[in-house]
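One structure is given below, encoded as structure tokens.
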Amino acid sequence: MVLTLRSLVSICKSRSKQILLPSILLGVGVVYFFGWSKAPIRAQDTLSYQQVAQDFLKHDFTELRVRPPGYALILLCTGSVVNLNRLLFAVALGMHLASAGMLFRLLVKTGLSRWLCWLFLVLSLTPPYVECAEVAMTEVVTRFLVILGVVLTVEGVSRHSAWRFAAAGLSLGYAGWTHPIFITAFVPILGGLCVARWTFHWSPLTLGQFAVGSGYFGAAGAGAIGVLILFNWWAYGFKGVSPFAGIALTTKTARFIERAPASYGVVRRILVESRDRALLEGNSHSASSYIWKARPLLQQATGIDGQQLDSLLKRLNLDLIKRYPLLYLQNVGYAMIDFWTPSSSVPTEPRRTLFQVLWALVQAAVLALWAGCLLILSGGSLFIRRGRYRANSSAKRVCGVQAFGRGVHLQILGSMTVCWVSLIACAFGTGEARYRSPVDLILMACAFQGLGALAKLLGAPSDISERREISAFYQH
């Protein structure tokens with residue numbers, strides 16, 4: 001009788017733990033859904049995605065679009081092709097809540113302290129992180145897809161699951177369908193898997209399991225890009241991944257576009273005049289996005305279509321970069337500063353100004369924590385590798401080792417994804433802070449997990465199981 005009562009109590013406790021997280025996320029979602037009654041909010045780029053959705057609705061692909069079709073399909077499925085509706089906001093809000101929930105569950109599985117896990121969840125549900133779901137843009141969708149890909153990859157390594165690798169590749173591949181910066185998002189994950197296995201010898205996978213898993217993952221990610229190329233060829237007659245390349249490179253040469261060769265004639269003149277006008281009249285006074293107003297003027301003056309204009313802009317900008325590589329690198333450095341700086345919208349109330357300052361400090365603290373933990377853990381790992389330590393394949397039998405392995409892979413895969421996105425966004429784009437939004441939650445999760453790992457590795461283990469976990473994970 002006593003045993004029966006104890007078993008019932010344990011079952012009730014386990015079930016209450018299982019429904020606690022969904023209940024919290026659901027409650028927070030209800031608060032945001034009814035609290036933000038004006039959502040979704042139309043952004044400057046929303047119309048261009050709706051135009052792609054209208055092409056799908058009308059089956060008319062005569063005009064080449066620079067936006068990828070991923071987010072347009074979501075607009076089509078939610079009925080937001082012409083007018084934005086609340087269903088779109090509900091889907092976007094659900095994606096953000098699911099992203100936070102997936103990372104929270106993964107952090108718990110890494111053995112991170114409960115209070116750090118809950119602190120991560122609370123911060124991820126604050127308005128500055130949720131506000132990307134309020135705007136009808138691609139960031140929240142891309143965030144969900146990237147986080148899903150990272151979580152599935154970590155679980156694929158931990159559980160030796162081939163289908164999780166394939167699903168992760170498809171998720172990251174579709175992220176490239178929603179945002180051009182993430183077309184190669186599967187590359188840092190493959191690199192991280194290789195680093196974990198051959199550089200630090202931390203992967204529990206055998207060579208055959210690694211080959212199958214990474215093969216499924218790479219094939220799924222590359223397949224998604226291949227399907228995107230086929231779609232562009234079938235729909236628009238464009239043989240490439242995205243007609244956005246010429247426009248993106250223009251943002252990197254805005255500061256020295258006047259140095260373009262005179263042989264470009266009227267194209268050079270229109271670009272310089274549009275850049276100067278954007279410097280005087282633009283909101284940011286940086287002219288980084290002047291090409292959007294120059295593009296119709298270029299088509300009108302040259303009489304060429306969108307595909308030919310993209311080729312012309314790529315040729316002109318690559319010529320400029322080859323002639324002045326240091327100026328290009330200087331602009332990449334400016335973009336890096338913008339990428340890692342908190343976004344600074346103009347405040348309308350004194351209270352909002354104070355809130356922005358406080359939130360900027362929070363973001364700066366999370367970023368510093370992530371960078372510090374990454375440097376210390378990477379340096380320590382290199383020392384371990386130098387000392388010829390390697391992962392013990394039989395260590396999974398020791399309590400906690402599998403959780404520690406999850407944390408290792410989350411740290412490697414997540415940090416490499418963040419660094420890769422930073423590189424691509426700044427080398428081929430303006431590096432705006434909103435480009436960091438899809439990987440903000442991953443960065444924060446890696447920061448907290450790194451703090452917990454340092455506390456466990458550098459501090460004194462509290463019990464014998466933790467000592468066994470740390471000692472058994474490495475084999476001299």
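What the table shows:
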{"item": "Environment charge at ARG434 (Cβ cut-off 12 Å; Lys +1, Arg +1, Asp -1, Glu -1)", "result": "-4"}
{"item": "All aspartates and glutamates inside 18 Å of LYS109 as judged from Cα atoms, apart from same-chain residues fewer than 8 positions distant", "result": "GLU155, GLU466, GLU469"}
{"item": "Debye equation applied to the C-alpha atoms of the range 237-331, log10 I(q)/I(0) at 0.22 Å⁻¹", "result": "-1.17"}
{"item": "Partners for LYS322 among aspartates and glutamates (Cα-Cα distance below 19 Å; same-chain residues under 8 apart left out)", "result": "GLU258, ASP310"}
{"item": "Partner aspartates and glutamates for LYS38 [C-alpha distance under 15 Å; skip if fewer than 8 residues away on the same chain]", "result": "GLU131, GLU134"}
{"item": "Under 12 Å, Cβ to Cβ, from SER171 - net charge with Lys/Arg +1 and Asp/Glu -1", "result": "+2"}
{"item": "Projected label distance in nm at ALA364 and LEU20, using a 7 Å step from Cα toward the beta-carbon", "result": "3.5"}
{"item": "Magnitude of the charge dipole, the range 245-323, Cβ model with Lys/Arg +1 and Asp/Glu -1, debye to 20", "result": "260"}
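Coordinate-derived values only; no laboratory data. Note that the structure is a prediction, hence the values are computed from the model and not measured. Please note: Cβ atoms are built from the backbone with ideal geometry, for glycine as well, and neighbour counts cover all protein chains shown.
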